[in-house]
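Peer 1: Please find one structure pasted underneath; my questions will follow.
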Amino acid sequence: MSVTRTGESSADTAPDPRRWWGLVIIALAQLMVVLDATIVNIALPSAQEDLGISDGNRQWVITAYTLAFGGLLLLGGRIADLAGRKRTFVIGLIGFAVASALGGAATGAGMLFGARALQGAFAAVLAPSALSLLTTTFTDPKERGKAFGIYGALAGSGAAIGFIVGGLLTEYLDWRWCLYVNVPIAVVAVIGALVLLHDRPGHAGARLDVPGAVLGCGGLVAIVYGFSEAESRGWTDPLVLGLFAGGIVLLTVFVWWQTKARMPLLPLHIIKDRNRAGCFLTMGLAVIGMFGLFLFMTYYLQVILGYSPLKTGLAFLPLTLAIIIGSTQISARLMHRVPPRMLMVPGMLLASGGMVILTQMTVDSSYTSEILPALLLMGLGMGLTFMPVFSTATAGVAPHDAGVTSATVNTSQQVGGSIGTALLNTIATTSSTAYITAHLTDPARRAQVVAEGTVHGYTVAIWWAAGIMLLAGLVAGLMVTTGPQRHAPAEAPVPESVGPPPPSPDRRRS
C-alpha cells in the first residue's frame with residue numbers, strides 16, 4: 001500500500017466520490033436560507049391581516065430575522081470551528097426547521113416575531129458551516145471553481161424562486177405554508193448531510209466570544225428598536241433617545257472589547273484596511289437604500305394596484321434577472337480591467353435613478369411604463385455593485401481571516417437590511433399619517449385619501465432611500481481606491497444572500 005509522507009494512505013487523500021451529491025445538499029440548505037429571505041414577503045399582507053399585526057410592528061417580521069442573522073453570524077462561524085462543521089450544519093438545519101414550523105403555527109404577532117428571530121439565529125449557524133463544508137469538500141482548484149459557481153448561482157436565484165414560490169403558496173394554499181415549506185426541505189437536507197457529508201473534528205482551541213456577541217447584537221437591537229419606536233413616540237421621545245444612546249454605548253464597548261478578547265468575533269485589523277472598510281460601508285448603505293424599493297412594493301402591488309400574490313411575485317422577476325445580468329455579464333467581465341469603484345459608483349447612480357423614478361408613482365401607476373423601468377435600473381445597479389464589493393472585500397486576505405472577512409461583509413448586508421427596514425418604515429408611516437390627517441376633510445373620500453396618503457408615505461421614504469444610495473456611491477468613490485484585480489482571489493467567499501435582501505412593506509389600512 002502506498003503511503004504519503006505524512007503517514008496517510010493515498011486512499012485517505014483521494015477526493016470523496018460522492019462529493020457532488022454533497023454539493024447538492026449544501027446548496028439545498030443555502031437555497032433554503034436565501035429563499036426564506038423573500039418567500040415570506042409576498043405573504044406579509046395576508047399574515048398581517050390574519051394575526052392582527054399593527055402597522056408600526058409589522059416590520060419586526062423581517063427585522064427579527066435579519067437582526068438575529070446578522071448579529072450572530074460571526075458567532076455562528078466560531079461555533080462551527082469549535083463543534084465541527086458537519087455537526088453544526090445538521091443542528092442549524094434542524095433548528096431552522098423547528099423555528100419555521102413555529103412561525104407557520106403562530107397564533108399571534110409575538111409568536112411569529114419570536115419564530116423569525118429563532119430562524120435568523122439558526123441561519124447564522126447554518127450559513128457559515130455550509131460555506132466551510134463546501135471549501136473543505138472541494139480542494140481541487142478547478143472543481144472548487146465549478147462548485148462555488150453552482151453554489152453562487154443557487155444563492156443568486158434563490159430570491160427569484162422565493163418570490164414565485166411565495167406567491168404560489170399564498171394564493172393557492174395559505175401564507176403559513178411559506179414557513180412550513182422549510183420543514184420538508186430541511187428533512188431532506190439533514191438525511192443527505194448524515195449520509196453524504198464528511199468533516200474533520202472541531203478545533204479544541206477555538207473559543208466563543210460570548211460577551212462580544214451580546215454587546216454587538218444588543219447594540220444593534222437597541223438602535224433598530226429605537227427607529228421602530230420613533231414612528232409612534234416621535235424622534236425626541238426620551239425612550240427613543242435612550243435607545244439610540246444605549247445602542248451607541250454598547251457598540252462602542254463592543255469595539256473596545258474586540259481589542260481585549262482572546263479570540264474576538266471581529267479582529268479589528270480586518271476593518272482597518274481602507275478599501276475593505278469602504279466595501280463594508282458601501283454594502284451596508286446600499287442595502288439600507290435598497291429597502292426603499294422592497295419595503296413598499298409588495299403592499300403597493302397587492303393593496304394599491306390589486307395584484308394577486310402570484311402576480312406580485314412574478315412582477316419582481318425582472319429585478320432579479322437584472323441583478324444577475326449586471327453581476328455576471330457586466331461586473332464579472334470588467335472587474336479585472338477597471339478599478340472596482342468604476343463599477344460601484346455607476347451602479348449606485350443607476351440604482352438611485354431607479355428609485356427616483358419610483359418617487360413619481362401614484363395610486364394608478366402603470367407597471368409597464370413606470371414600475372418596470374425602475375426595477376430594471378435598480379437591478380442593474382445592484383448587480384454592478386455586489387460583485388466588486390465582495391471581490392474587493394475578500395481580496396488579499398490571509399487564509400485564516402477569509403472566513404471572518406466573508407462573514408463581516410454579510411453581517412453588514414443583514415444589519416443594513418435591519419436598519420433600513422426600521423428607518424424607512426418609520427419615515428413612511430409618519431408621512432402617511434400626516435398626509436391623511438391634513439387631507440381627510442370629506443368622510444366620503446376616506447378610502448381615496450387613505451390610498452393617496454399610503455402612496456405619499458412610500459414616495460417620501462423612497463426619496464430618502466435614493467439619497468442613501470447616492471451616499472453609498474460617494475463612499476465607494478472616496479474610500480475604495482484600489483486598482484483592477486488582475487487575478488481573482490483564490491478563495492472568494494460566496495455571500496450568504498446574493499440578490500435582494502428581504503423586504504418589509506408598509507401600508508395604511510383603510
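The values are calculated or read from the model by the stated rules, or taken from the named source; none is laboratory data. What you see is a predicted model; the values in this text were computed from it and never measured. Neighbour counts are summed over all protein chains in view; Cβ atoms, including those assigned to glycine, are modelled from backbone coordinates with ideal geometry. Please note that ligands, DNA and RNA were not included when accessible areas were found on the heavy atoms of the full protein model with its side chains. Shrake-Rupley method; radii C 1.70, N 1.55, O 1.52, S 1.80 Å.
Peer 1: Under a 1.4 Å probe, what is the accessible area of the range 191-297 per residue, stated in Å²?
Peer 2: Using a 1.4 Å probe on heavy atoms only, each residue of the range 191-297 averages 46 Å².
Peer 1: What FRET efficiency would be calculated for the residue pair Leu173, Gln360, taking the C-beta separation as r and a Förster radius of 35 Å, to the nearest 0.05?
Peer 2: E(calc), rounded to 0.05, equals 0.45.
Peer 1: So, for the range 300-358, what is the accessible surface per residue at a probe of 1.4 Å, expressed in square angstrom?
Peer 2: Here the per-residue accessible area is 40 Å².
Peer 1: Counting pairs of alpha carbon atoms under 8 Å apart in space and at least six apart in sequence, what relative contact order in percent does the range 235-370 give?
Peer 2: That works out to 15 percent.
Peer 1: Tell me, what HN-Hα J-couplings in whole Hz come from the Karplus equation 6.51 cos²θ - 1.76 cosθ + 1.60 at θ = phi - 60° for each residue of the range 192-197, using x for Gly and Pro?
Peer 2: Taking θ as phi minus 60°, the curve returns x, 5, 5, 8, 9, 8 Hz for the range 192-197.
Peer 1: Quantify, in whole percent, the carbon and sulfur part of the accessible surface of the range 225-278 (1.4 Å probe; protein heavy atoms only).
Peer 2: 65
Peer 1: Right, here's the next one. Between the alpha-carbon centers of the range 407-455 and the range 43-63, tell me the distance in whole angstrom.
Peer 2: Comparing the Cα centres of the range 407-455 and the range 43-63, I get a distance of 14 Å.
Peer 1: Ignoring ligands, DNA and RNA, what percent of the accessible area of the range 348-489 is carbon or sulfur (1.4 Å)?
Peer 2: C and S fraction of accessible area: 68 percent.
Peer 1: Taking a ≥ b ≥ c as the square roots of the eigenvalues of the Cα gyration tensor of the range 312-354, is the shape rounded (a/c under 1.5), prolate (a/b larger than b/c) or oblate?
Peer 2: Numbers: a/c = 5.12, a/b = 1.73, b/c = 2.96.
Since a/c reaches 1.5 but b/c is at least a/b, the shape of the range 312-354 is classed as oblate.
Peer 1: Largest first, please: the extent of the C-alpha atoms of the range 224-298 along each principal axis, to the nearest Å.
Peer 2: Cα spread of the range 224-298 along its principal axes, largest to smallest: 42, 31, 18 Å.
Peer 1: Which order do the peptides 459-470, 100-111, 321-332, 409-420 take when ranked by the mean count of other beta-carbon atoms within 10 Å per residue, highest first?
Peer 2: 409-420, 459-470, 321-332, 100-111
Peer 1: Right, another one. Using the heavy atoms of the protein chains and a 1.4 angstrom probe, tell me the accessible area per residue for the range 73-117 in square angstrom.
Peer 2: In whole numbers, the range 73-117 has 33 Å² accessible per residue.
Peer 1: Once the dipole of the range 237-331 is set up with Lys and Arg at +1 and Asp and Glu at -1 on Cβ about the Cα centre, which of Leu268, Ile248, Ile325 lies farthest towards its positive end?
Peer 2: It is Leu268, whose Cα lies furthest towards the positive end.
Peer 1: So, by mean Cβ neighbours within 10 angstrom, what's the order for 235-248, 296-309, 33-46 with the highest one leading?
Peer 2: Most protected by this proxy first, the peptides run 33-46, 296-309, 235-248.
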